[in-house]
């Protein structure tokens, strides 16, 4: 018999009001002015934007937005959202993919800029709306604060515009601007670092323009998200040289580098070239870390370090030829990458376990009976972890297109309410804000599976996870309520994944507002979350820092645990 469960409500009313406000406005066929959302955004008192209503800028919130929006946001006035090319065509934007492709540093989203003032963004689920709209609102609020503070100083705006045009250094002007904007020296340095070469242009725009963005949702129906997901999967089927419909499958949601690095050894093969890159062009801090690892001053894993350097190197012009070499090398090892096209930005990797070369695997896997894999038919289907409710659409689509599901494993980022950045959290209870279900499941992982491979953080198992709708859609009373109820792990995908897995084994759609027992299922479920946020500590959020290299430790410790589990299942007698 289904059971109802009460969950904390403190702070929830403000979150609900905010979401209802922008969803009701987005139903219009006209564009919505972001300024109409500012009042409810401020009233929310978001954990990511605690000082939204203050005169002084909330730099963590502004930097958070800066990292999740493309640089062309400086000139953008209209943001249009759609699920597919067809949706954009029907919305009288027939050629958005001929516009300039643009990216954000900390958010994977396919976006195009028309070169004037319109930004087109592909969305995969309602979670993209819950992400984009609050980010735009927070960015505009903080932008206009700084614009107002600059305008209060007579002549400062004109001098900043002239300075940006001249390209000449003027430390006195910058110091005056920092003080006018009420920024600490630390916040000023963060702003400079995030905007880099575009920093003068940012200051020029802040001085000259009051931000007045609008947003338009071209289609919001559930069926459009399903159509977009089907287009995405059709491309996977066309590109991969395997018949996925009859292959036993291990589903993994992680990233595009960790599994592949550990299963092919490509980075280790080019170790000398990567070290030459470090000596000639790379960040001096990386060179110092290299020396410290080699001289055993720190216990960091050498392979993890090379994996990180490879990612950096492949992003440079000097590493272009290695991209093609990697593609050929991975194909020889039964690894196929399928980038997305015409929909959302989500790469798929298909790994044929029988074609892996045992001697090339990461040393942390080499004690396993790897030779037995050559006789197996199973594949790993790895997807670059999606945003929020897109997880439900994507896993549900695979359910009807692949063979028997043997296991579903999720490695993702989370915020921790009781731990530290770099910890690994292992939940066996998930409350999902989308369905309002509390999912109980047998997580195949415990601390003993991860701890031997984690150097710096702690492993916390038997945790309760809270799947939130968006990073901004949280406030302190809400977080405290869940913390008091024993929830310590805050993330965005676990609930939607469990809703999709429920439909693998039940003859109906996932329920709502129930306690759902997922212990007796015909496949494994494993979830590992590494902490990148501590939202109960003011300022300790993704707007205030970046995990960068130091996120490698929990990422690869979790990846080791997942790969060891899969290999052990495939090679057991």
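The values are calculated or read from the model by the stated rules, or taken from the named source; none is laboratory data. Quantities reported herein were computed from a predicted structural model and do not represent experimental measurements. Cβ atoms come from the backbone with ideal geometry, glycine included; neighbour counts cover every protein chain shown.
Of note:
- The set of residues from region 291-300 being under 27 Å from the mean Cα position of the chain (by Cα) and part of a helix (DSSP H, G or I) is empty.
- Within the option set 15, 73, being within 30 Å of residue 487 (Cβ to Cβ) and touching a helix residue (DSSP H, G or I) at 6+ places or on another chain (Cβ under 9 Å) holds for one residue only, 15.
- Output for region 410-450, where each listed residue is touching a residue at least 12 places away in the same chain (Cβ under 8 Å), closer than 15 Å to residue 565 by Cα and out of contact with any strand residue (DSSP E or B) (no Cβ under 6 Å at 6 or more places or on another chain): 442, 449
- Test: residue in region 149-159 that is within 17 Å of residue 191 (Cβ to Cβ), in contact (Cβ under 8 Å) with a residue 60 or more places away in the chain and assigned by TED's automatic domain parsing to the domain that holds residue 202: yes
- Qualifying residue in region 244-255 (condition: surrounded by 17 or more Cβ atoms within 10 Å (Cβ to Cβ) and more than 25 Å from the chain's Cα centre (by Cα)): yes
- From the list 314, 278, 322, the one residue that fits, being surrounded by 14 or more Cβ atoms within 10 Å (Cβ to Cβ), free of Cβ contacts under 8 Å to residues at least 40 places away in the same chain and either more than 30 Å from residue 388 (Cβ to Cβ) or outside the structural domain of residue 256 (by TED's automatic domain parsing) (or both), is 278.
- The requirement of being under 30 Å from residue 235 (Cβ atoms) and touching a strand residue (DSSP E or B) at 6+ places or on another chain (Cβ under 7 Å) is satisfied by residue 347.
- Scanning region 248-272 for residues that are in contact with a strand residue (DSSP E or B) (Cβ under 7 Å, 6 or more places away or on another chain) and outside any loop (DSSP other than H, G, I, E, B) turns up 249, 250, 251, 252, 253, 254, 259, 260, 263, 264.
Each row is one residue, and each column tells you yes or no for (1) modelled with pLDDT of 95 or more; (2) closer than 30 Å to residue 248 by Cα; (3) in the same structural domain as residue 398 (by TED's automatic domain parsing).
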site: 442; (1), (2), (3): yes, yes, yes
site: 456; (1), (2), (3): no, no, yes
site: 483; (1), (2), (3): no, no, yes
site: 495; (1), (2), (3): yes, yes, yes
site: 519; (1), (2), (3): no, yes, yes
site: 531; (1), (2), (3): no, no, yes
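Condition check ((1) under 21 Å from residue 123 (Cα atoms); (2) free of Cβ contacts under 8 Å to residues at least 40 places away in the same chain) across all residues:
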position: 345; (1), (2): yes, no
position: 350; (1), (2): no, no
position: 358; (1), (2): no, yes
position: 361; (1), (2): no, no
position: 367; (1), (2): no, yes
position: 370; (1), (2): no, no
position: 380; (1), (2): no, no
position: 387; (1), (2): yes, no
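- Positions within region 82-98 being out of contact with any helix residue (DSSP H, G or I) (no Cβ under 7 Å at 6 or more places or on another chain) and crowded, with 18+ Cβ neighbours inside 10 Å, in sequence order: 91, 93
- So residue 245, is it part of a strand (DSSP E or B), in contact (Cβ under 8 Å) with a residue 60 or more places away in the chain and assigned by TED's automatic domain parsing to the domain that holds residue 494: no
- Criterion: within 27 Å of residue 118 (Cβ to Cβ) and in contact with a strand residue (DSSP E or B) (Cβ under 7 Å, 6 or more places away or on another chain) - qualifying residue of 229, 214: 214
- Taken over region 281-290, the residue count meeting the criterion of being more than 20 Å from residue 362 (Cα to Cα), touching a helix residue (DSSP H, G or I) at 6+ places or on another chain (Cβ under 9 Å) and assigned to a helix (DSSP H, G or I) is 4.
- Spans of strands (runs of 3 or more DSSP E) in region 426-496 with at least 2 residues surrounded by fewer than 19 Cβ atoms within 10 Å (Cβ to Cβ): 459-467
- Residue in region 153-164 that is outside any helix (DSSP H, G or I) and out of contact with any helix residue (DSSP H, G or I) (no Cβ under 7 Å at 6 or more places or on another chain) present: yes
- Residue ID - nearest to the chain's Cα centre (by Cα), chosen from residues in region 89-113 that are in a loop (DSSP other than H, G, I, E, B) and more than 21 Å from residue 135 (Cα to Cα): 99
- Taking region 301-311 as the range and being part of a helix (DSSP H, G or I) and either out of contact with any helix residue (DSSP H, G or I) (no Cβ under 8 Å at 6 or more places or on another chain) or buried (at least 17 other Cβ atoms within 10 Å of the Cβ) (or both) as the test, the residues that pass are 303, 304, 305, 306, 307, 308, 309, 310, 311.
- For region 56-70, filtered to residues that are assigned to a loop (DSSP other than H, G, I, E, B) and in contact with a helix residue (DSSP H, G or I) (Cβ under 7 Å, 6 or more places away or on another chain), the residue that is nearest to residue 130 (Cα to Cα) is 69.
- In region 331-386, the residues that are out of contact with any helix residue (DSSP H, G or I) (no Cβ under 6 Å at 6 or more places or on another chain), under 27 Å from residue 399 (Cα atoms) and assigned to a helix (DSSP H, G or I): 331, 355, 375
- Residues (farther than 21 Å from residue 102 by Cα and within 24 Å of the chain's Cα centre (by Cα)) located in region 328-346: 335, 336, 337
- Among the candidates 25, 37, residue that is closer than 15 Å to residue 134 by Cα, outside the structural domain of residue 136 (by TED's automatic domain parsing) and either modelled with pLDDT under 95 or part of a helix (DSSP H, G or I) (or both): 25
- Inside region 207-242, residues that are over 28 Å from the mean Cα position of the chain (by Cα) and either assigned to a helix (DSSP H, G or I) or under 30 Å from residue 376 (Cα atoms) (or both) make up a count of 4.
Yes or no, residue by residue, for (1) modelled with pLDDT under 95; (2) more than 34 Å from the chain's Cα centre (by Cα); (3) crowded, with 20+ Cβ neighbours inside 10 Å:
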| position | (1), (2), (3) |
| --- | --- |
| 131 | no, no, yes |
| 141 | no, no, yes |
| 165 | yes, yes, no |
| 169 | yes, yes, no |
| 173 | no, yes, no |
| 193 | yes, no, no |
